[in-house]
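These notes are about the structure you will find just below.
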Amino acid sequence: MPIKTTSRPFTIAALTALVGLAACGDEKDAREAFHQANIEFRSAATGDEIAHRDHAAAAYNRITQLVQDHAGDGSGYAEAAAVSLAQARLGEASQAAIEAGRVESEAIRQARVIRANLSEYLSLSAIAQAASVFDPAADIAELDRLLDLRRDDAAHYAAEKQQIENQIADLEAQIAALRAKADAERRKAGEIELSMTGVSAQRAAELAAEVREFTLRADQYQLEAVRLEGRVGQLRPTAAEIDFKVGNAASQIAMLERSQEELRERARASQEDAAEARAAARAARDRLTQLGEALRDFRQSEVRTKSDAIFAKLRQAEQALSNARGPLAGSASATRAAIKQATAAAHSAAAAGHAEAAAAFAALAAAGISGGFDQDADSANAEAIQASEAAKSAFREAASALRSMRATGEAGDKVEQAAVRFEALAGIEPQEPADDMSYDSSSEDDWSSASPDTTDATLEDLLANLPEDMRAEVMAQLQTQLDMLNSIDDPEILRQTLEQMDQMAPMLPAEAAPGLDFIRRTIENRIAELEGEG
């Protein structure tokens, strides 16, 4: 949120005020205060404004103490003191903006932490929701149905297998009995054959007939046993097939039971995950509530306090300019434009901060985080809109202040360009200039005609035109400013200084022309020297 300012333009403005008021009288206290203020401006311009803000703040405070009693006191230095006081207040506002920027950065960091935690909370809530809705009851019931079918099939196959095995066992028993009978008949036939020795032919014929009968019955028994063996041979493949079906059914039952157990385990794990996710989501929600409340409190206290400090300093700076309406009215207008630009920058930074906070609060409200964050979002949005409009208004006032300088010539063109840029930032479309419009160069001609030829003037020549009792004082002050200019090693900064002097020249009295020309030549020589070294 820092306001983009630099201390060197303040010093150049003070320097031009010095050469413009060199012949305004002999108010010793005012001259001494103004001289010391110039030294402090130079001190404030030394080093980085952010890294050495304590040093700069002390310098601006000392400037305020030095010149505030002389602003509007009726002396010849009153206007210079008023402009210097305004510039010191603007410098203090810049310092306040640095601190406000640090605080605003912290507020933005807190808002981004909220968004990061909000993402975590939403993820945990989604996990808890997904885990809690997992219900395998229907799948388990379907597996139960399939298990019942498979178990029924297994029982049926087992019964069928047992029936066939019983048939085979019965047939094998019958086969064994038939073979035993056949063996018995053959033994009897053998015994009869052994007894046929030494018997009559008739008896032998009778015994032979008995042998045939026993042998025939044995063959019949054997034939029946073979037939039954064939039946057993037919039943065994069927028994093997049924045995395979029994094993397959058992495998399917085991697989279904494992699937059912896995589902139950997943259900238990899902419930545990859901419970953990819900607990983590509750903790994240509580943390978000705390973060949101902390952001609200931080913005209402730290951010608002630092922001109010900027605007208080800027108001003081503008109030100080009320005593600069004479010869330094143009310088006062330029300073007023800088104040309005700083005001617009502060409002713009505030609008960005409010918008960032509004987005964070709105996200909290949308996620259902308790704490009244919807109202905070509405309030922050309203403040962002208000600050944005205030920034546009300040940019318009900055443009108006620039145009009130009545600058002409090339300086007037540059002032107009700056005013148009401010109006663009305020949302105003640039107007096409009328064909017959042209700037009046009479003021520029008056300046040129009133300015003596100072092409070869030295510092001593310049001082010779001043009252004798003021020469030493003015020389010391000019030398201080010239030392500061010679300490600048950046040609671009020196060119910017020349541009600012050109813008302010038409607003200064003709008596200031020699001193301003001398300073301009000094700066041009310094630029040539630096570029020659490069």
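The values are calculated or read from the model by the stated rules, or taken from the named source; none is laboratory data. These numbers come from a predicted model, not from an experiment. Positions of Cβ are generated from backbone atoms using ideal geometry, with glycine treated the same way; all protein chains shown enter the neighbour counts.
Taking region 162-209 as the range and being outside any helix (DSSP H, G or I) and either touching a Ser or Thr at 6+ places or on another chain (Cβ under 6 Å) or not hydrophobic (A, V, I, L, M, F, W, C) (or both) as the test, the residues that pass are Thr197, Gly198, Ser200.
Please go through region 120-137 and pick out each residue that is assigned to a helix (DSSP H, G or I) and surrounded by 13 or more Cβ atoms within 10 Å (Cβ to Cβ). Passing the criteria: Glu120, Tyr121, Leu122, Ser123, Leu124, Ser125, Ile127, Ala128, Gln129, Ala130, Ala131, Ser132. Pairing residues of region 158-185 that are closer than 30 Å to Leu207 by Cβ with residues that are in a helix (DSSP H, G or I) and of a type in the set (D, E, K, R), at Cβ distances under 7 Å and at least 6 apart in sequence or on separate chains, gives Leu178/Glu224; Glu185/Arg217.
The set of residues from region 260-292 being at pLDDT 85 or above and of a type in the set (Gly, Ala, Ser) comprises Ala279, Ala280, Ala281, Ala283, Ala284, Gly292. When Ala365, Ala349 are screened for being small (Gly, Ala, Ser), free of Cβ contacts under 8 Å to residues at least 24 places away in the same chain and farther than 30 Å from Val67 by Cα, only Ala365 passes. If the condition is being modelled with pLDDT of 85 or more and under 59 Å from the mean Cα position of the chain (by Cα), then region 140-164 contributes Ala141, Glu142, Leu143, Asp144, Arg145, Leu146, Leu147, Asp148. Condition check: surrounded by fewer than 20 Cβ atoms within 10 Å (Cβ to Cβ) and β-branched (Val, Ile, Thr). Does Ile369 satisfy that? No: the conditions fail for Ile369.
Residue-wise test of (1) more than 30 Å from Ser251 (Cα to Cα); (2) in contact with a helix residue (DSSP H, G or I) (Cβ under 6 Å, 6 or more places away or on another chain).
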| site | (1), (2) |
| --- | --- |
| Ala111 | yes, yes |
| Leu118 | yes, yes |
| Tyr121 | yes, yes |
| Ile127 | yes, yes |
| Ala130 | yes, no |
| Asp135 | no, no |
| Ala138 | no, no |
| Glu142 | no, no |
| Leu146 | no, yes |
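Does Ile140 count as at negative phi, in contact with a Pro (Cβ under 6 Å, 6 or more places away or on another chain) and in a helix (DSSP H, G or I)? Spelling it out, it is not the case that Ile140 is at negative phi, in contact with a Pro (Cβ under 6 Å, 6 or more places away or on another chain) and in a helix (DSSP H, G or I). Of the residues making up region 215-230, those that are closer than 18 Å to Glu172 by Cα, aliphatic (A, V, I, L, M) and either without any contact (Cβ under 8 Å) to a residue 12 or more places away in the chain or loosely packed, with under 12 Cβ neighbours inside 10 Å (or both) are Leu223, Val226. Residue under question is Gly371, and the condition is that it be within 28 Å of Arg115 (Cα to Cα), of a type outside the set (Ser, Thr, Tyr) and assigned to a loop (DSSP other than H, G, I, E, B); does it hold? So Gly371 fits the description; yes. Residue by residue through region 239-273, note down the ones that are free of Cβ contacts under 8 Å to residues at least 12 places away in the same chain and either under 30 Å from Val133 (Cα atoms) or buried (at least 16 other Cβ atoms within 10 Å of the Cβ) (or both). Ala254, Met255, Arg258, Glu261, Glu262, Glu265, Arg268, Ala269, Glu272 - these are the residues of region 239-273 that are free of Cβ contacts under 8 Å to residues at least 12 places away in the same chain and either under 30 Å from Val133 (Cα atoms) or buried (at least 16 other Cβ atoms within 10 Å of the Cβ) (or both). Considering region 380-398, the residues that are of a type in the set (Gly, Ala, Ser) and farther than 24 Å from Ser119 by Cβ include one that is modelled with the lowest pLDDT, namely Ala398. For Ala380, the conditions (1) assigned to a loop (DSSP other than H, G, I, E, B); (2) touching a helix residue (DSSP H, G or I) at 6+ places or on another chain (Cβ under 6 Å); (3) among the aliphatic types (A, V, I, L, M) are fulfilled apart from (1).
For region 401-417, taking the residues that are in a helix (DSSP H, G or I) and touching a residue at least 40 places away in the same chain (Cβ under 8 Å), the one that is farthest from Gly353 (Cα to Cα) is identified as Gly409.
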